[in-house]
Amino acid sequence: MLELEHIVKAFGGFRAVDDCSLSVSEGEILGLIGPNGAGKTTLFNLIAGALAPSAGRIRFLGEDITRLPTEARFHRGLVRTFQIPHEFHRLSTLENLMMVPAGQPGERLLANWFGHERVRRHEEEVRERALATLEFLELTHVADELAGHLSGGQKKLLELGRTMMTDARLVLLDEPAAGVNRTLLRKLEEKIEILNRERGYTFVLIEHDMEMIARLCNRVACMAEGRVLVEGGFATVRNDPQVLEAYLGE
Ligand code: ADP
């Protein structure tokens, strides 16, 4: 589904990503681990299109997307969530979901001014999809709560919900467990699993919580010094001497 071929990203003379090759298969949940500074976040930025590689090629669903802007990748179903949930904190939880599809705010304005029937129907569909998403995430009770008032875990669920408002195929999750309590973490994992199994979402997640990685991921890739050091099943990767050494040097 996604192929990174010999990707390099240099900042000045320093190579944050250094000849990194990695493939992601449709339907898998791949865990990306590695010590701080390994290049994981930079790699996510390259995949999502926030950064352009200095060398190498990125293919998504058979198409070369190396030079495509972020938005074009998004429209092809390549969606990224962020380390720091970036909800609109002064909008309600429901409104946050309704904001996702492109063009919403403008369309809403038009609907108010001209009462355009087609636009109104579209908004109604978006609202229904948002309500169904809230129900799936078990967040219906906070639909009208300001998103800024949600707990860390609820914000992560909302962030996952925002991907469900798009036609996501491959979702990049950046530290989903950070700042999430145990109970909500299990819920988040359960929702990720259902989206994977029943909706066919493919996930790549950067995560430091090894228990979450062990529970969720079919495959793990460990990065160090800008490239993939070892990949395979969680147990194999965790016990690999190169991986242990990379973490010791942290
Ligand atoms: P990780 O996510 O694995 O912790 P990062 O991708 O954030 O690693 O960073 C990899 C390395 O690249 C680090 O040494 C970091 O300081 C460096 N780096 C990241 N972004 C930049 C940048 N914009 N300019 C210079 N160096 C950067």
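The values are calculated or read from the model by the stated rules, or taken from the named source; none is laboratory data. No experiment lies behind these values; they were computed from the predicted model shown. Glycine gets a Cβ as well: all are built from the backbone with ideal geometry, and neighbour counts include every protein chain shown.
Can you go through 48, 52 and tell me which one is without any contact (Cβ under 8 Å) to a residue 60 or more places away in the chain, assigned by TED's automatic domain parsing to the domain that holds residue 211 and under 21 Å from residue 79 (Cβ atoms)?
52
Consider residue 199 carefully, then state whether it is over 26 Å from residue 49 (Cα atoms) and without any contact (Cβ under 8 Å) to a residue 40 or more places away in the chain. Here the answer is no, as residue 199 does not meet what is asked. If only residues of the range 8-24 that are among the aliphatic types (A, V, I, L, M) and crowded, with 17+ Cβ neighbours inside 10 Å are counted, the one that is farthest from the ligand (Cβ to nearest atom) is 24. When the range 215-234 is filtered for residues that are in a strand (DSSP E or B), more than 20 Å from residue 8 (Cβ to Cβ) and touching a residue at least 40 places away in the same chain (Cβ under 8 Å), the ones remaining, listed by number, are 219, 220. If you filter the range 25-48 down to residues that are farther than 11 Å from residue 172 by Cβ and within 11 Å of the ligand (Cβ to nearest atom), you find that the one that is surrounded by the fewest Cβ atoms within 10 Å (Cβ to Cβ) is 36.
The set of residues in the range 140-164 being part of a loop (DSSP other than H, G, I, E, B) and surrounded by fewer than 19 Cβ atoms within 10 Å (Cβ to Cβ) consists of 143, 144, 145, 151.
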